[in-house]
Amino acid sequence: MCMRCISNRSGWAGRRGFVLAATALAAAPVIAQVEVGSRSGFRKLVSADQIEQAAAQQYAKMMSEARSQGALASANDGQLRRLRAIAQRIVPFTGQWNERASRWNWDVNLIRSKEINAFCMPGGKIAFYVGILERLQLTDDEAAMIMGHEMAHALREHASERIGKTQATGMGLSLVSRLLGLGDLGDVAANIGTQLLTLNFSREDESEADLVGLELAARAGYAPQAGASLWRKMAEASGSGGGNLAFLSTHPSGPQRIRELQANESKVQGLYERARRGG
């Protein structure tokens, strides 16, 4: 995930109803089809409320800067409406991976930049860059795979894990204690927000996000085979020397990644077919 560059306050139409629908569906018991490990204990070293607050503040700042530069897509932009439609189908299935997700104020925005990039911050703040849609000529299924992947980073609390591990191993537990409430809350939010911009996820994080994103997209009715086709396009873009590939610097593509996605397609194929039937 690369988070350089909330919210467009107009949001998508019917935001309130959308969030309520997501809450209702998230409450239903669902058995995961892909296999991932338990979430790391390091994530508990940083308050979930604090990291989501910091992410929302950082996201708002980024979107404000994009708007001031004329780079934030308007609510009636066709590509943005497409992305929000994809999100509206995926979000109802996020609660099975994180109980907090049903309370998040999910948001999606589009940045007018040729950069190949997309991200989802803790708390459900999503941004795509025009470059990742147009330069890779993404189908809806492939765009859903990226969105599911980025959502999965937030749902699995990978940012909290990375920040917690950094604080515990690099700066000492005394600083963690201060971040958890002994210091000024404004400083805490600024500190965490800054770290969110420079995170590098581990290969294990990326693998988890691939698989969780694959299942999220399949449950929403997007073809599982798009995961492999997406990363083939990523590999081609990386090898073409197209420049400005921030997403690929933090999401390396490769044959192993594609093989792992293909090995899990059959696990979620039934979910996809049921969704397409409207079941």
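Every read-out reported here was derived from the displayed coordinates using simple, explicitly stated rules and does not represent laboratory data. As the structure is a computational prediction, the values presented were derived from the model and not from experiment. Neighbour counts run over all protein chains shown; Cβ positions are idealised from the backbone, glycine included.
When Phe93, Phe201 are sorted by how many other C-beta atoms sit within 10 angstrom of their C-beta, beginning with the fewest, the order is Phe201, Phe93. Annotation: the residues Ser113, Ser68, sorted from fewest to most other C-beta atoms within 10 Å of their own C-beta, follow the order Ser68, Ser113. Judged by the mean number of other Cβ atoms found within 10 Å, the most tightly packed of the peptides 205-216, 131-142 leads the ranking 205-216, 131-142. Our coupling estimate for segment 76-81, obtained by passing each phi through the Karplus curve with A = 6.51, B = -1.76, C = 1.60 and θ = phi - 60°, is 9, 5, x, 5, 5, 4 Hz, Gly and Pro reported as x.
Listing Ser64, Ser266 from fewest to most neighbouring C-beta atoms within 10 Å gives Ser266, Ser64. Annotation: amide H-H contacts under 5 Å for Leu138 (H modelled 1.01 Å from N, sequence separation of 5 or more, or interchain): none. 3J(HN,Hα) couplings calculated from phi for segment 111-125 with the Karplus curve 6.51 cos²θ - 1.76 cosθ + 1.60 (θ = phi - 60°) are, in sequence order, 9, 7, 8, 6, 5, 7, 7, 6, 7, 9, 7, x, x, x, 9 Hz; Gly and Pro show x. Straight-distance candidates among the aspartates and glutamates for linking to Lys125, with alpha-carbon spacing under 15 Å and chain neighbours fewer than 8 residues away dropped: Asp49, Glu52, Asp107, Glu150, Glu157.
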